[in-house]
Structure formats: C-alpha cells, structure tokens
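Below you'll find the structure, written out as structure tokens, and then a few comments.
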Amino acid sequence: MKKSQSAVGLLVPHEPRGPELAKTPTGIRGLDEITRGGLPKGRPTLVCGGPGSGKTLLALTFLVNGAIQFDEPGVLLTFEENAEEIASDVASLGFDLPELIKTKKLSVDYVRVERSEIEETGEYDLEGLFIRLDYAIRTVGAKRVVLDTIESLFAGLENDSILRSELRRLFRWLKEQGVTAVITAERGEGLLTRQGLEEYVSDAVILLDHRVHDQVSTRRLRVVKYRGTHHGTNEYPFLINADGISVLPVSSLALQHAAPLDRVSSGIASLDGMLGGKGYYRGSTILVSGTAGTGKTSLAAHFLDAACRRGERCLCFLFEESPQQHLRNMRSIGIDLEPWVTAGLLQFHADRPSRYGLETHLATMHQVVADFKPTVTVIDPVTNLMTVGTFADVEAMLTRMIDHLKTENITAMLTSLSSGQSEIERGETTISSLMDTWIVLANDVAGGHHRRGLYVLKSRGMAHSNELREFVLTDHGLTMLDAAGRSPRDAA
Amino acid sequence: MTPAPAPVRQAYHLRLYVAGQTPKSVLAFRNLKQMCEEHLEGRYEIEIIDLVENPQLAAGDQILAVPTLVRRLPEPIKKIIGDLSNTERVLVGLDLRER
C-alpha cells in the first residue's frame, strides 16, 4: 500500500472511526484478517457448526497458537473426548499437547457426564464445574479457555432450567475472569446452535459449514456476529490440511490496490512493443485467451522465463499438464525453465481440477502463494477451474483470488482456453472486467497455411497496439512476423 | 476407610461433595444424615469434601454439580446430585429400594 500513487484518503475507507475492541489473535491464517485482529479479548466467542465442520480443530488451534506464539497459556475443558484422544487427533498437525501440558502451557480437563450414572433429586448448581475451571485457569495462568462442546451437558443432566441459568452464569463468569473463551456448539435446525447458546454468548459468533456438492467438499466460515467491530460478513472458504486450518479472506474488495507504475517485460520484445513499448504493469492481471494450440502456454512460458531472468520468484499453477510435460514442451520451443526450478526461483503446482471444489483450489492456491511469496504467478489454464463450480461461484472466487494477487502486488497471467465457437466466450467475459490486459490468440487456416495471430484486446492505462499480428512458434520461441509475413530474423 | 467387618449386610462408603457452607449443602448433609440413620444405621460412613478448599479433588470423581453424593462402596459407583430432598429418589439411587 505504501507504494501507492493514489490519494491516501482513498486507501482507508474501512478504518473504524472509534477505537476498536481489544483483540486476541488466533494465529489462524486468514481468520485474524477477517476479524481485524482476532477474537474479542476477554470475552467468549461461540463457534458453531455441524459434525466434522472443524469446530474442535479451530478451538484447539486457538489454544495451541496462544500457548506457543503469543505466550498465553490455555485451558481446554472437553466434554467429548479425553486428553489422550484429543492429543492423538491433533498430533498429525504437529501439536504436541502432552509437551504443552508438561510445561504448564496447557491444562486439559475431560468432563464426563453419563446420565445413566446420575440420579437427580432437588436443587443443585454447577459450582463443581466452575471450581474445576477456576482451578485449571489458576494452575497454568490461563488467558484462553476452550469449552468443547458444553452442549453435551444437556444430554447428561435432566434439569434444563438449572443448566440454562448455570450456563448463563458461566459465560458471565468467564468474562469476569478476563479470559478469551471459545465455546463450540453443534449446529441446530433453524438455530445457530442446537441449544440456542447464541442467546448467551453475544459477543462473537462464528459459523463453520461443510458442504458436499457434486461429490466435492467445501468448507466455509462466516463471522455471523461480532459486536463492536467491523468484520467481513461473507462466507470464506477454509482449508484443513497437514498444516492445520487456514481461511481464505477477501482482503480488499473495496478496490484499494496500489497502482504501481513500473512495467515488466512480457519476455517477447515485439509484444512489449505492442504494449506501449514497455510490457505489462507490475501487479496487473493479464488474461491470455485462445482456442487449443494457439500458443497460450508458450506466451506464459516467455513471461515466466523473463521474470526469472530478472531474479523474480515465479509460481506456476498447472491444471492441464504435469510440470514435466510442461518443461518438455517448452524446451521444444527453446525455452528451458528447468534451471529456474533448480535455482528455486520457479515453482510449479499441478493439480487436477476435479480433485476438489473451486474454493478449496483457490484456498490452496492462496496458501501456496503465501508460502512461496512470488512476484509473478501464472495459472494455466484458469478455464479448467471453471468447470468445477457454478458460474456465479467462479466469478466470486476468481475475484477473490485476483484481488489477493493484486493486493500483494503480484503480476498474474491467466490463460483461458476457448472452445472455438467464438473468440471471446461467456466465461471470459465474466472475468474480463477483472483483467487489466487481455491478449487474444487466434488460429486461421487460409491458402493451405495454418497461421497464428495475436492482438491486444485491451490493456488498461497504456496506449497499446490495435494490430492483429501474425506470429510463429519456432525452436527459439514465439516470434512475431512483420506485415509482410517475415520474422525480424528472416528479414535480417 | 477400613471396611467395617460387615456381618451380613454391606457397608456404605458415601462421599458428599459440596462447595462451601451453602444452604443447599447444609440441607443436603442433613437429608443424607437422616436417611442414613433410618436405613443404614451402623454400617455407613460419610466423608464430606469441600471443593472450595480442595478444588483439585473435583476431577477425580467427575464432579460438576454440587451437592453431589457419591456412593464409593458398595460398587458400582453411584452419583446423586441435588439437595437430596426427595428421600425416595435417594434410596432408589443408592439401590436401597427397588426402582
């Protein structure tokens, strides 16, 4: 943002007017961005969702990150699994609960309630639970508390009215202790939670959802409520993988990207010439569309090669070929990308589009981008991703991805495979408004010759060429021909 | 906690968990004492645990509610929560009366 050339006032429309509430960071990638810093400090947050939606994992990550990254010890009061079971559940994520317990950064108390073992007669309260929680908090000096899933009490105790008034008292008590609490709850029908706990926890409510559509599963997170703070209200896709949980935020749909003035070469001198003589804008998004075999991937390879020559880090997502196929094919036109891979400047990520839902793909891409920190990213071809979701979904999700790349000032090139009915297709029109530059590649068979051509359909912010230029793919790359159909090399 | 050399009938080891001297805990103890005198005379032992003084003892017997009466002996362990005001239910809970 600092590099921006625009007026500063335009850049910060989302800054709150008053002071924001104090926040406790979760350390979960994306979630702290959506909530502008984390969960409300010293208050309870309700996390609800169906079975397997990731509630417990989110809550545990909050605790473990607190203990390790933020020096805030935590207490886990679990009603469903004992400490050993939980520890083994999360061991694969690299969470070493026994070690945290040993070093007094975490206290786990398993509360087991078995209705068949309990007879109820007369008045009682849940002071025993309060005492256990208080004891655990004091033992480790906890700043964070997780109750997972306190609703289990409803199955274990008969007297609903005592339970409800005691839970109300418990949440108030937690606030008085000044601990930041996460309370997980099962999603209910027509209600956020089965037992209506949202009524008691009024500070923040996060809803997790796990949907399967066309055999493809997608996890989403939504901040339903966050009293006293601005927060994103959209549904955000999130991932659970070997690194734990991460949320894909929409960083700034408010169009607050910086607009750098520096230019980057396309890797083809004559194409740079068509783009106002200097190439693409850094941080812009370029669409390269065309039917099969028109040279889209080659154009992208030139771009990657040029970026690596400048010493930039490049990420290339492949949704059609394997990296090996890609390297081999590009070598055939004289572009050898392998040394850049070896040098660690270029990284390939190949995936089958049908492997997950669109959102999961984009969330994965988001994570890869965050890990590799490229300045150039190629998605080849983006159209294969479009087969995975519905039209509106695709548009929304691509908007998020492109938006994120722009925010990070990453120059992105997306290739788009047209089916051939028309040069410009519906899918492309959908995403074209997000694109700064659009290059169309076309094949033409005339007079017994197969001819390739390209033109710049649009390129915002520069005087670009309107010519349709013929080119050839040679063993030394893509070469533009002059008006007489000769390559500069031939002419020379 | 030496098991009384119980002749014919079993000895009862009862533990009452409370949190301070509250009206509920006082009532529960009175109800318990009275019931024991009537039904278990000479073969019972009551241990009172105040969780305010010994909070670390709550987890062992899985105590949530107070007052909670735990029948340690004879086995199996039984739990009765509340002020024990319904003698019938207490007796059923302790297996001293048929359900």
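If you check B:Arg89 against the conditions, is it free of Cβ contacts under 8 Å to residues at least 12 places away in the same chain and within 7 Å of chain A (Cβ to nearest Cβ)?
yes
Taking the criterion of being charged (D, E, K, R) and at positive phi, would at least one residue in the stretch A:60-71 satisfy it?
Among the residues of the stretch A:60-71, at least one is charged (D, E, K, R) and at positive phi, which makes the answer yes.
Of the residues A:Gly74, A:Gly122, A:Gly94, which is modelled with pLDDT under 95 and farther than 25 Å from B:Asp50 by Cβ?
Exactly one residue qualifies, and that residue is A:Gly94.
Only one of A:Leu174, A:Leu197, A:Leu133, A:Leu207 is under 18 Å from A:Leu63 (Cβ atoms) and under 35 Å from the mean Cα position of the chain (by Cα); which?
A:Leu174
Being among the β-branched types (Val, Ile, Thr), within 18 Å of A:Glu158 (Cα to Cα), facing chain A (nearest Cβ under 7 Å) and in a loop (DSSP other than H, G, I, E, B) is the requirement here; does B:Ile80 meet it?
Spelling it out, it is not the case that B:Ile80 is among the β-branched types (Val, Ile, Thr), within 18 Å of A:Glu158 (Cα to Cα), facing chain A (nearest Cβ under 7 Å) and in a loop (DSSP other than H, G, I, E, B).
Residue under question is B:Gln34, and the condition is that it be over 17 Å from A:Tyr124 (Cβ atoms), within 12 Å of chain A (Cβ to nearest Cβ) and not in a loop (DSSP other than H, G, I, E, B); does it hold?
When the stated conditions are applied, B:Gln34 does not pass them.
Evaluate the following for A:Thr180: is it at pLDDT 95 or above, hydroxyl-bearing (Ser, Thr, Tyr) and under 23 Å from A:Ser53 (Cβ atoms)?
yes
Criterion first (modelled with pLDDT of 90 or more and among the charged types (D, E, K, R)) does A:Asp89 satisfy it?
Judged against the criteria, A:Asp89 is not a match.
Is there any pair linking a residue in the stretch B:33-52 that is in contact (Cβ under 8 Å) with a residue 40 or more places away in the chain to one that is in a helix (DSSP H, G or I), with Cβ under 6 Å and at least six apart or on different chains, and which?
Matching pairs, first to second residue: B:Met35/B:Thr87; B:Met35/B:Val90.
State yes or no: is A:Thr184 among the hydroxyl-bearing types (Ser, Thr, Tyr), in contact (Cβ under 8 Å) with a residue 12 or more places away in the chain and within 19 Å of A:Lys41 (Cα to Cα)?
Yes, satisfied.
Does B:Tyr12 meet the test of being more than 14 Å from chain A (Cβ to nearest Cβ), crowded, with 19+ Cβ neighbours inside 10 Å and either in contact with a Pro (Cβ under 7 Å, 6 or more places away or on another chain) or more than 30 Å from A:Leu167 (Cβ to Cβ) (or both)?
When the stated conditions are applied, B:Tyr12 passes them.
Which members of the stretch B:62-77 meet the condition of being surrounded by fewer than 24 Cβ atoms within 10 Å (Cβ to Cβ) and at the interface with another protein chain (Cβ under 7 Å from one of its Cβ atoms)?
B:Gln62
If a residue must be among the hydroxyl-bearing types (Ser, Thr, Tyr), assigned to a loop (DSSP other than H, G, I, E, B) and at pLDDT below 80, how many such residues does the stretch A:356-387 contain?
Looking only at that region, the number is 2.
Restrict the check to the stretch A:265-286 and report whether at least one residue is without any contact (Cβ under 8 Å) to a residue 24 or more places away in the chain and among the hydrophobic types (A, V, I, L, M, F, W, C).
yes
Condition check ((1) under 19 Å from A:Ala22 (Cβ atoms); (2) among the β-branched types (Val, Ile, Thr)) across all residues:
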position	(1), (2)
A:Asp134	no, no
A:Gly141	yes, no
A:Val145	yes, yes
A:Ala155	no, no
A:Asn159	no, no
A:Glu166	no, no
A:Glu176	yes, no
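Only one residue in A:Leu133, A:Leu93, A:Leu100, A:Leu106 is in contact with a strand residue (DSSP E or B) (Cβ under 7 Å, 6 or more places away or on another chain), more than 8 Å from every other protein chain (Cβ to nearest Cβ) and closer than 30 Å to B:Leu27 by Cβ, so which one is that?
It is A:Leu133.
Does the stretch A:318-336 contain any residue that is among the aromatic types (Phe, Trp, Tyr) and either surrounded by fewer than 20 Cβ atoms within 10 Å (Cβ to Cβ) or at pLDDT below 95 (or both)?
So far as the stretch A:318-336 goes, yes, one or more of its residues are among the aromatic types (Phe, Trp, Tyr) and either surrounded by fewer than 20 Cβ atoms within 10 Å (Cβ to Cβ) or at pLDDT below 95 (or both).
Hand me the list of helices (runs of 4 or more DSSP H) wholly inside the stretch A:110-181 holding 1 or more residues that are touching a residue at least 40 places away in the same chain (Cβ under 8 Å) and closer than 22 Å to B:Val90 by Cα.
Filter on the stretch A:110-181 gives A:152-156.
The values are calculated or read from the model by the stated rules, or taken from the named source; none is laboratory data. Small disclaimer: the values here were computed from a predicted structure and weren't measured. Note that we place each Cβ from the backbone using ideal geometry, even for glycine, and neighbour counts take in every protein chain shown.
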